[in-house]
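Colleague: Once you've had a glance at the structure underneath, I'll fire off some questions.
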Amino acid sequence: MTRRDTTPRTTPFWWEDAGPPAATEAAPLPAEADLVIVGGGLTGLSAARTAARRGRQVVVLDARAPGMGASSRNGGMVGGGHRLSLDALSARFGAETAAGLLREAYLDSAAFVERLIRDEAIDCDYRVTGRFRALWRSREYDPVARELDRLQALMPLEAWMLPRARQHEEIASDLYRGGVIYPRHAALNPAGWVAGLRDAAQRAGALVQGDTPVTGIGRTATAFTVRTTRGPIRAGDVLIATNGYTAAPFHRFRRAIIPVPSFIVATEVLGRDRVRSLIPHGRMIVETRERHCYFRPSPDGRRIIFGGRAAMFDAPEALVRRQMRALLVQVFPQLKGIRLTHSWRGRTGFTFNFLPAVGQMGGLWYAMGYSGSGNAMAPWLGHKAALRILGDPEGETAFSRTGLPTRWWHPGPAWFLPLADVTFRFRDLLAGIGRGT
Ligand SMILES: Cc1cc2nc3c(=O)[nH]c(=O)nc-3n(C[C@H](O)[C@H](O)[C@H](O)COP(=O)(O)OP(=O)(O)OC[C@H]3O[C@@H](n4cnc5c(N)ncnc54)[C@H](O)[C@@H]3O)c2cc1C
């Protein structure tokens, strides 16, 4: 008798259902295009759909199968917000831009995605489940409640506070200090989402080509030459949509993006009753801890999908799995001893101001920097980038004013991530000591 192999698969759980991102059939690359998009994730495909629907000749190029980046690997949570408060955003960008940043992140991007999924009939288990933002420290509760009041005075944001005494209505864990419910936030299968968006871009007329790394971009007075491993394309405009996978050919962008890995595991089948006993309303759950965990029921409600920053660098799989299991059991001690069936990772693209950005630099357009939250923001800003390229006033977005700041000590490869890992662990340790009862 052979022993059952209990080593988790290292491919995303989502791929079991939606399939892995499919390779594209190699078509001849055109000599010229109106718009070449580098990166075939949610940003690039959404931009391609918008520009192609307006009659532009669009080519999307991805180094691997389109969708193979973060877009088919993520936690599948839809709906956002910002790490920065209203005051912090206002101090940095002025009150009007701050209001725009908040409105687009909380409302407009999510509404855009909901509409797009409906209009294009994308099969990706999209469901409005709501989110519980679980507070890590007692002293966060009152300021978070005050900030929520201010946000609700600014826009029609549905949300309410849940005190710690009632926390078990949302989660069978004593780890948190109450939190916020956002009932309009949603869940989806990210692999189905990005595959459906790719079909929509192709239906609109865009040529999407995987296995075509862009190796460099040259510029003449009137056009760009996009160099690829399969030959050059002359392009009127170029959009860089590489987010956490931005690499050497795009030096200036690489200096602005910090490729922080995020890790996820799927539990074995626990059964619907058991999962419901842990997360009664099936909400998406995100913590406010510095190296935060995020988790949810699987779309069929039979497993927990649990993500977190087991490390801030590409740590070895065995170490990551140990850490992820420890975090899962810290939240749900009831799950001690359960088996993990999948354990995978992907790269988020953080910016130095924690804000995504869309704009133009050295003539190249860009949309990137979702800082861990891109299921709604990436397609939204891809769409906005395309409109801006077309010269459409609807391309106006507050995220064209956030910029892509750099730091002198980040000249290329993110050498500092292991150091950041130690710093954030220490900060979590301190925050853990002062969490309050
Ligand atoms: C583990 C994990 C969990 C997450 N969870 C959530 C979540 O629950 N909710 C949420 O909102 N967000 C989440 N995110 C973030 C979200 O997935 C991303 O913000 C979003 O997918 C970014 O989309 P994108 O198209 O900009 O980038 P990506 O999907 O990463 O695509 C970039 C593409 O660029 C390509 N590329 C790079 N260089 C080149 C080149 N030279 N030539 C050609 N192609 C190139 C890459 O191959 C890649 O396919 C998570 C991310 C990760 C990694």
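Colleague: Is it the case that some residue within segment 121-133 is free of Cβ contacts under 8 Å to residues at least 60 places away in the same chain, touching a helix residue (DSSP H, G or I) at 6+ places or on another chain (Cβ under 9 Å) and within 22 Å of Tyr370 (Cα to Cα)?
Modeller: Yes, there is a match, as at least one residue in segment 121-133 is free of Cβ contacts under 8 Å to residues at least 60 places away in the same chain, touching a helix residue (DSSP H, G or I) at 6+ places or on another chain (Cβ under 9 Å) and within 22 Å of Tyr370 (Cα to Cα).
Colleague: Would you confirm whether or not segment 258-270 contains a residue that is more than 29 Å from Ala315 (Cα to Cα) and modelled with pLDDT of 95 or more?
Modeller: Initial filter on segment 258-270 (more than 29 Å from Ala315 (Cα to Cα)): none.
So far as segment 258-270 goes, no, none of its residues is more than 29 Å from Ala315 (Cα to Cα) and modelled with pLDDT of 95 or more.
Colleague: Turning to a different aspect of this structure: Just need a number here: residues in segment 320-366 that are surrounded by fewer than 19 Cβ atoms within 10 Å (Cβ to Cβ), modelled with pLDDT of 95 or more and among the charged types (D, E, K, R).
Modeller: 2
Colleague: Next question. Applying the selection to segment 250-306, what residues are of a type in the set (Lys, Arg) and touching a residue at least 40 places away in the same chain (Cβ under 8 Å)?
Modeller: The first filter runs over segment 250-306 and keeps only residues of a type in the set (Lys, Arg), leaving 252, 254-255, 272, 274, 276, 283, 289, 291, 296, 302-303.
Scanning segment 250-306 gives Arg252, Arg254, Arg255, Arg283, Arg289, Arg291, Arg296, Arg303.
Colleague: Here is a further query. Exactly one condition in (1) part of a helix (DSSP H, G or I); (2) touching a Leu at 6+ places or on another chain (Cβ under 9 Å); (3) in contact (Cβ under 8 Å) with a residue 60 or more places away in the chain is not met by Glu114; state its number.
Modeller: With respect to (1) part of a helix (DSSP H, G or I); (2) touching a Leu at 6+ places or on another chain (Cβ under 9 Å); (3) in contact (Cβ under 8 Å) with a residue 60 or more places away in the chain, Glu114 is out only on (2).
Colleague: Looking at (1) assigned to a loop (DSSP other than H, G, I, E, B); (2) surrounded by fewer than 17 Cβ atoms within 10 Å (Cβ to Cβ), which is the only condition Thr212 fails?
Modeller: Condition not satisfied by Thr212: (2).
Colleague: Looking only at residues that are in a strand (DSSP E or B) and surrounded by fewer than 16 Cβ atoms within 10 Å (Cβ to Cβ) in segment 215-262, which one is farthest from the ligand (Cβ to nearest atom)? Lay out the reasoning, then the answer.
Modeller: Kept after step one, since they are in a strand (DSSP E or B), are these residues of segment 215-262: 215-219, 224-228, 231-240, 258-262.
Okay, now just the ones that are also surrounded by fewer than 16 Cβ atoms within 10 Å (Cβ to Cβ), so 215-216, 218-219, 225, 231, 236.
Values: Thr215: 7, Gly216: 9, Gly218: 14, Arg219: 17, Thr225: 15, Gly231: 14, Gly236: 19 Å.
Ranking the candidates gives Gly236 first.
Colleague: List, please: which pairs have Cβ atoms under 8 Å, are six or more places apart or on different chains, and start with a residue in segment 337-349 that is closer than 23 Å to His410 by Cα and touching a residue at least 60 places away in the same chain (Cβ under 8 Å) and end with one that is more than 6 Å from the ligand (Cβ to nearest atom) and hydroxyl-bearing (Ser, Thr, Tyr)?
Modeller: Cβ pairs passing all conditions: Thr348/Ser371; Gly349/Thr246; Gly349/Ser371.
Colleague: Looking at (1) in contact with a strand residue (DSSP E or B) (Cβ under 8 Å, 6 or more places away or on another chain); (2) within 30 Å of Gly391 (Cα to Cα); (3) not β-branched (Val, Ile, Thr), which is the one condition that is false for Gly282?
Modeller: So Gly282 meets the others, but not (2).
Colleague: Pick out, from segment 296-391, the strands (runs of 3 or more DSSP E) lying fully within it that include 3 or more residues that are within 16 Å of the ligand (Cβ to nearest atom), touching a Pro at 6+ places or on another chain (Cβ under 8 Å) and within 22 Å of Tyr245 (Cβ to Cβ).
Modeller: Numbers: elements: 304-308, 340-350, 357-361, 364-368.
Hits in segment 296-391: 340-350.
Colleague: Return the residues of segment 220-248 that are touching a Gly at 6+ places or on another chain (Cβ under 8 Å) and farther than 24 Å from Lys384 by Cα; say none if nothing qualifies.
Modeller: Arg227, Ala248
Colleague: Among the listed residues Ala91, Ala48, Ala31, Ala23, identify the single one that is of a type outside the set (S, T, N, Q), within 16 Å of the ligand (Cβ to nearest atom) and surrounded by fewer than 23 Cβ atoms within 10 Å (Cβ to Cβ).
Modeller: Details: Ala91 fails: within 16 Å of the ligand (Cβ to nearest atom); Ala48 fails: surrounded by fewer than 23 Cβ atoms within 10 Å (Cβ to Cβ); Ala31 fails: within 16 Å of the ligand (Cβ to nearest atom).
Within the list Ala91, Ala48, Ala31, Ala23, the selection yields Ala23.
Colleague: Now, a different point. Considering only residues that are modelled with pLDDT under 95 and surrounded by fewer than 24 Cβ atoms within 10 Å (Cβ to Cβ), which ones fall in segment 58-87?
Modeller: Step one: filter segment 58-87 for residues modelled with pLDDT under 95, giving 79-87.
Answer for segment 58-87, where residues must be modelled with pLDDT under 95 and surrounded by fewer than 24 Cβ atoms within 10 Å (Cβ to Cβ): Gly81, His82, Arg83, Leu84, Ser85, Leu86, Asp87.
Colleague: Oh, and also: Which of the residues spanning segment 265-313 are touching a Phe, Trp or Tyr at 6+ places or on another chain (Cβ under 8 Å), under 20 Å from Asp174 (Cα atoms) and polar (S, T, N, Q)?
Modeller: Thr288 - this is the single residue of segment 265-313 that is touching a Phe, Trp or Tyr at 6+ places or on another chain (Cβ under 8 Å), under 20 Å from Asp174 (Cα atoms) and polar (S, T, N, Q).
Colleague: Counting only residues that are outside any loop (DSSP other than H, G, I, E, B) and near the ligand (Cβ under 6 Å from one of its atoms), which one in segment 54-77 is nearest to Ala191 (Cα to Cα)?
Modeller: Quick first cut of segment 54-77, residues outside any loop (DSSP other than H, G, I, E, B) only: 58-61, 70-72, 77.
Still in the running and near the ligand (Cβ under 6 Å from one of its atoms): 61, 70-71, 77.
Values: Leu61: 18, Ala70: 10, Ser71: 7, Met77: 12 Å.
Applying the filter and picking the extreme gives Ser71.
Colleague: Select from segment 139-198 the residues that are more than 30 Å from Ala121 (Cβ to Cβ) and polar (S, T, N, Q) and write down the one among them that is surrounded by the fewest Cβ atoms within 10 Å (Cβ to Cβ). Full working, then the answer.
Modeller: First pass over segment 139-198, keeping only residues more than 30 Å from Ala121 (Cβ to Cβ): 139-154, 160-180.
Remaining after also requiring polar (S, T, N, Q): 152, 167, 173.
On the way: Gln152: 13, Gln167: 20, Ser173: 17.
By that ranking, first place goes to Gln152.
The values are calculated or read from the model by the stated rules, or taken from the named source; none is laboratory data. Note that this is a predicted model, so its numbers are computed, not measured. Backbone-built Cβ (ideal geometry, glycine too); neighbour counts: all protein chains shown.
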